[in-house]
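This report concerns only the one structure given below.
The values are calculated or read from the model by the stated rules, or taken from the named source; none is laboratory data. Every value quoted in this text rests on a predicted model; they were computed, and no experiment measured them. Neighbour counts run over all protein chains shown; Cβ positions are idealised from the backbone, glycine included. Areas reflect the complete protein model, heavy atoms only, side chains present, ligands, DNA and RNA absent. Shrake-Rupley method; radii C 1.70, N 1.55, O 1.52, S 1.80 Å.
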Number of protein chains: 2
Amino acid sequence: MSSTRREPRSRPETLERRREILRAAMATFGAKGYNKGPLTEIAEQVNMTHAGILHHFGSKNQLLLEVLRYRDESDVAELAEQHIPDGVDLFRHLVRTAFLNADRAGIVQAYAVLSAESVTDDHPARSFFEERYRTLRTEVVEAFRVLCAERGVEAPETVERAAASILAVMDGLQVQWLLDPTAVDLGEASAFAIEAIVAQVLDPRATPVGDTAADEGPGADAPTGQGATT
Amino acid sequence: MSSTRREPRSRPETLERRREILRAAMATFGAKGYNKGPLTEIAEQVNMTHAGILHHFGSKNQLLLEVLRYRDESDVAELAEQHIPDGVDLFRHLVRTAFLNADRAGIVQAYAVLSAESVTDDHPARSFFEERYRTLRTEVVEAFRVLCAERGVEAPETVERAAASILAVMDGLQVQWLLDPTAVDLGEASAFAIEAIVAQVLDPRATPVGDTAADEGPGADAPTGQGATT
DNA sequence: TGCACGTTACAGTCCGGTAAGTAAGTTTGA
DNA sequence: TCAAACTTACTTACCGGACTGTAACGTGCA
């Protein structure tokens, strides 16, 4: 756990070898989760023993963290070739990502499984996902501010909720889509929901739900229904 | 795995004993997930050995399925004392549930963790959650139809996407809220998002996102950005 | 008396991590 | 330049722990 030889990487091909391992780890963590994804399965994908993996990463725990960091770095590297989206471009970017994700079930599954698993006790990826969501929410909030400024309206205080909701709906749709890809169109549904939320921020309207929901608190009555936690 | 003595339950107190076990199992599966939640931990919560648990449920696998069934039955039993919500009442019910869930982190976590874990290979709860989402989506679609009929408008074909989105946003917000309860207000954010989606179904409006998103497909360009999968 | 409800004990797996050894590669210095 | 000295990248072998499931046995209610 502690004495992990880190960053030797003297030989040039080692770096590519490590990347192979990281991609393999992403695959099995995605398919089985972190807890149930054994090192041996990762190892045999790259024709190695599990001890070889541990030689490179020190521990399974450390491997997971590097897997997550690796993906973010790859994405950021690709992004750097473009401009950094802000304002309405960020929302378009999110919609486009949702459409693209429909062809990347493996990666989608890895993030869906690992992010939910991370809320369990002492999970090694917990702080990673905490920070990830914090960062993403901040970016979306900023995009709302820019968008409102362009429209010449003051950004309402609902932007925080809206930002969380946009990320939430994308994640939640992924789970439903992974369970039954024929039942949910990941791209179209994400686009619809994002439009709905953006519209509500820019031009709030009362609805038959909201009419009474405004004063809704942890009411004294009320059971839970089949959708207890959804 | 196969020959599990089921439903003997000769003595009256046995039924309550089983319920104790189910509640304890819900707690540890929620805290650690199914794969990492050991039977011994469930057992010691009810002052038993893990072999005692297996005597009642035959296998850990079977225990999980009964846990999930038990919760739904409890919820439905409570619901039966009320009316079955439909039309706009279902949406109000969902919002109310979100507020209530803010005080039930344990149950929320169990569903969040298990539903995401269920998408992994050969997970015992997979078909449970497939069916659960299918049922819930159908109910929400029906509520949209009733609501549209009340308003005298024709239900648009977006109701399917909207139904999936409403469930998705509730689930996704739960994950963010579990990771950092101070960053997200589960009830308020759920209410906001549900209102937004209902409003968009009843009265669709173009947005700066949708203006171009309509023709958005798996475009040839486009990387993924930090929010690769969200 | 017999069955339900446990217990203890154990079998069998699986898995992460460590130790020790080996065959390459890289560095260094005369 | 080239070989000794050292490092890296593994392998095999093994340890120890955790966990599910089974078998055998006791105990008390009906």
What's the long-distance tail for region B:83-205, i.e. % of Cα pairs beyond 18 Å? 55
Give me the accessible area per residue for chain A, probe 1.4 Å, as a whole number in Å². 43
Rounded to a whole %, the carbon-and-sulfur portion of the accessible area of the protein assembly as shown at a 1.4 Å probe is 50
Against the longest alpha carbon principal axis of chain B, how many degrees, from 0 to 90 and to the nearest 10, is the axis of helix B:88-101 turned? 50
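Roughly how crowded by other chains is peptide A:72-85, in terms of the mean Cβ count from those chains within 10 Å of each of its Cβ atoms?
3
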Just order A:168-179, A:14-25 by mean Cβ neighbour count inside 10 Å, highest at the front, would you? A:168-179, A:14-25
Volume per residue (Å³) of the convex hull spanned by the alpha carbons of region A:13-67 is 63
Which three numbers, in whole Å and largest first, are the semi-axes of the equivalent ellipsoid of region A:28-148 derived from its Cα gyration tensor as √(5λ)? 31, 16, 13
If one takes the longest principal axis of the Cα atoms in chain A, at what angle in degrees, from 0 to 90 and to the nearest 10, does the Cα axis of helix A:186-202 lie? 50
Label position 7 Å from Cα toward Cβ: report the copy-to-copy distances for A:Gln62 in nm, one decimal, ordered from shortest. 4.4
Volume per residue that the Cα convex hull of the protein assembly as shown spans, once the total is divided by residue count, Å³: 164
Please compute the average number of Cβ atoms from other chains found within 10 Å of each residue's Cβ in peptide A:124-137. 3
Using 7 Å Cα-to-Cβ label points, what is the A:Glu131/B:Val153 separation (nm, one decimal)? 4.5
For peptide B:96-103, how many partner chain Cβ atoms fall within 10 Å of a residue's Cβ, on average? 6
Note the buried accessible area between B and A here, summed over both chains, with a 1.4 Å probe, in Å² to the nearest 100. 9100
For B:Val46, inter-copy label distances in nm, listed shortest first [label point 7 Å out on the Cα-Cβ vector]: 4.4
For chain B, what is the largest minus smallest coordinate of the Cα atoms on each principal axis, given in angstrom and ordered from greatest to least? 63, 45, 37
Sorting from shortest, the nanometre distances separating the label point of B:Gln82 (7 Å past Cα along the line to Cβ) from those of the same residue in the other copies are 4.3
